[in-house]
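J.: Got a structure for you, questions after.
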Amino acid sequence: MVTVRAMTGTDIEAVSAIRVTGWRTAYAGIVPRTWLERMTVEEDARERRRRFASAPGGVYDLVAVDARGAVVGWACLGPGPDEGAGTGTRTRTGELYALYVLPALVGSGVGRTLIKAVHARARELGLGRLLLWVLEDNARARRFYERSGYAADGAVQADEYDGVSLPEVRYRLAL
């Protein structure tokens, strides 16, 4: 059984391990290997501690924990772009910044439990929709988000990794 709770400072090392191994697994063959090999749990944890200590209001980190209390997944959500300004149809928009599950548990339901908790938290915050960005070539993640109710909305941007530009597509979900 997996439960979801707010992340605490003591979860940072576990979250960083999940994030780094998640990147190396999910993005192998997509993101340049040199980029993935440079990632370390220690550096990620240092950055995560800094962000956690100074997190702006409205950013929420959630962790999925197993029956033993071990962190097996992590998600982060917060404010999204101010959409609808000046149109009279302004809907509060949030953004799912990240969602990672321990690679050995992908497909076990941890991600589904975590995303349901993200949606519940977003509704509690009064958000009317959530956006997220996913690498265009990350077919597994795209299928996961589509099964969770998200749809690509046509927006595209690119991030650069070791000189390689990788397109991302934006997904949205009405809550």
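J.: Taking helices (runs of 4 or more DSSP H) that fall entirely within the range 1-93, which contain at least 1 residues that are closer than 26 Å to residue 160 by Cα, touching a Phe, Trp or Tyr at 6+ places or on another chain (Cβ under 8 Å) and modelled with pLDDT of 95 or more?
T.: Working: elements: 12-26, 33-38, 41-53.
In the range 1-93, 12-26, 33-38 are the helices (runs of 4 or more DSSP H) which contain 1 or more residues that are closer than 26 Å to residue 160 by Cα, touching a Phe, Trp or Tyr at 6+ places or on another chain (Cβ under 8 Å) and modelled with pLDDT of 95 or more.
J.: Something else: Which residue is nearest to residue 106 (Cα to Cα), if the candidates are limited to the range 118-139 and must be surrounded by fewer than 20 Cβ atoms within 10 Å (Cβ to Cβ) and among the small types (Gly, Ala, Ser)?
T.: Across the range 118-139, the extreme among qualifying residues is 139.
J.: Which number in (1) part of a loop (DSSP other than H, G, I, E, B); (2) closer than 15 Å to residue 26 by Cβ marks the one condition that residue 99 misses?
T.: (1)
J.: How many residues, within the range 94-131, are modelled with pLDDT under 95 and at positive phi?
T.: Counting residues in the range 94-131 that are modelled with pLDDT under 95 and at positive phi gives 2.
J.: Sticking with this one: Condition (residue is over 19 Å from residue 59 (Cβ atoms), in contact (Cβ under 8 Å) with a residue 12 or more places away in the chain, out of contact with any Gly (no Cβ under 8 Å at 6 or more places or on another chain) and assigned to a helix (DSSP H, G or I)) applied to the range 127-139: is it met by at least one residue?
T.: No, that holds for no residue.
J.: Look through the range 89-105, keep the residues that are surrounded by fewer than 19 Cβ atoms within 10 Å (Cβ to Cβ) and in contact (Cβ under 8 Å) with a residue 60 or more places away in the chain, and return whichever of them is farthest from residue 7 (Cα to Cα).
T.: Here the residue is 103.
J.: Considering only residues that are under 21 Å from residue 34 (Cα atoms) and within 14 Å of the chain's Cα centre (by Cα), which ones fall in the range 121-175?
T.: If the condition is that a residue be under 21 Å from residue 34 (Cα atoms) and within 14 Å of the chain's Cα centre (by Cα), then 134, 135, 138, 168 are the ones that fit.
J.: Given the structure, is residue 141 modelled with pLDDT under 95 and of a type in the set (A, V, I, L, M)? Lay out the reasoning, then the answer.
T.: Working: modelled with pLDDT under 95: no; of a type in the set (A, V, I, L, M): yes.
Criteria not met by residue 141.
The values are calculated or read from the model by the stated rules, or taken from the named source; none is laboratory data. Computed from a predicted structure; not experimentally measured. Counting neighbours? That spans all protein chains shown, and the Cβs are built from the backbone with ideal geometry, glycine included.
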